[in-house]
């Protein structure tokens, strides 16, 4: 088992009726790193995530996780290995309290999610762990609040807690700060940094300030292919990257130093 790299793709490609969405991607994610996947719209980032989580089969290429080839596994098998995706859709129950949401995720992890007939007190042992997770994402004071009433940024923090409840080996965060105001972006960025301790995170993110402040390594996709890979300072100076962002978010790229 490769200790250094938790995830490795080799020649990973996905074609849709002649359109190449992901083109021969060789990506290595180092264990314990926050690794950001960036690129202009239509670069293939979401398709790449869908390949990793098995929502799409690759046209060719391979995916190795913890040294094991998982290319042809079913989504549930891969999820059980500890690859957990968060954020793309709001994965919380609006009409449960914040604490109940985390507890439900913990139950799911134990495989007891369908034991709704169990007496309430049998779930109390999950309370303590749920409260620990809420503390980890700074939501302790919101524990008894109905989730529907949470501000948007706090809902995102709750999603982070429910993702952590599944004890992921690799967290895939899909646009974690999308649609947030500046204050929420800063808070969620700090939370990601905080919860990354002892974990590995691969994130798709548009906000260059977020990427430059927390990512250990950055891979840039354009038209489904990698055009740059390395630390932020190196990638931001790459002429291909500057050109790819020109006219759309080149100012973002340069302004994030």
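Computed quantities for the displayed model
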read-out: Answer residue from the range 129-145, given it is surrounded by 15 or more Cβ atoms within 10 Å (Cβ to Cβ) and outside any helix (DSSP H, G or I) and is farthest from the chain's Cα centre (by Cα) among those; value: 145
read-out: Scan of the range 176-199 for residues that are in contact with a strand residue (DSSP E or B) (Cβ under 9 Å, 6 or more places away or on another chain) and surrounded by fewer than 16 Cβ atoms within 10 Å (Cβ to Cβ), ordered by number; value: 193
read-out: Some residue of the range 68-81 being surrounded by fewer than 16 Cβ atoms within 10 Å (Cβ to Cβ), touching a strand residue (DSSP E or B) at 6+ places or on another chain (Cβ under 7 Å) and closer than 27 Å to residue 180 by Cβ; value: no
read-out: Residue match in the range 22-30 (condition: assigned by TED's automatic domain parsing to the domain that holds residue 206 and free of Cβ contacts under 8 Å to residues at least 40 places away in the same chain); value: yes
read-out: Identity of the residue in the range 206-224, more than 20 Å from residue 243 (Cβ to Cβ) and touching a strand residue (DSSP E or B) at 6+ places or on another chain (Cβ under 9 Å), that ends up surrounded by the fewest Cβ atoms within 10 Å (Cβ to Cβ); value: 216
read-out: Odd one out for residue 126 among (1) under 18 Å from residue 55 (Cβ atoms); (2) modelled with pLDDT of 70 or more; (3) surrounded by 12 or more Cβ atoms within 10 Å (Cβ to Cβ); value: (1)
read-out: When residues of the range 150-164 are limited to those that are under 13 Å from the mean Cα position of the chain (by Cα) and in contact (Cβ under 8 Å) with a residue 40 or more places away in the chain, the one farthest from residue 192 (Cα to Cα); value: 162
read-out: Residue selected from the range 59-70 under the condition more than 19 Å from the chain's Cα centre (by Cα) and in a loop (DSSP other than H, G, I, E, B), by the criterion nearest to residue 24 (Cα to Cα); value: 59
read-out: Criterion violated by residue 18 - all others in (1) closer than 24 Å to residue 108 by Cα; (2) out of contact with any strand residue (DSSP E or B) (no Cβ under 8 Å at 6 or more places or on another chain) satisfied; value: (1)
read-out: Condition broken by residue 92, with the remaining ones in (1) closer than 23 Å to residue 158 by Cβ; (2) touching a strand residue (DSSP E or B) at 6+ places or on another chain (Cβ under 7 Å) satisfied; value: (2)
read-out: The range 178-196, residues that are within 12 Å of residue 136 (Cβ to Cβ) and not in a helix (DSSP H, G or I); value: 196
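The values are calculated or read from the model by the stated rules, or taken from the named source; none is laboratory data. Since the structure is predicted, the reported quantities are computational estimates derived from the model, not experimental observations. Glycine gets a Cβ as well: all are built from the backbone with ideal geometry, and neighbour counts include every protein chain shown.
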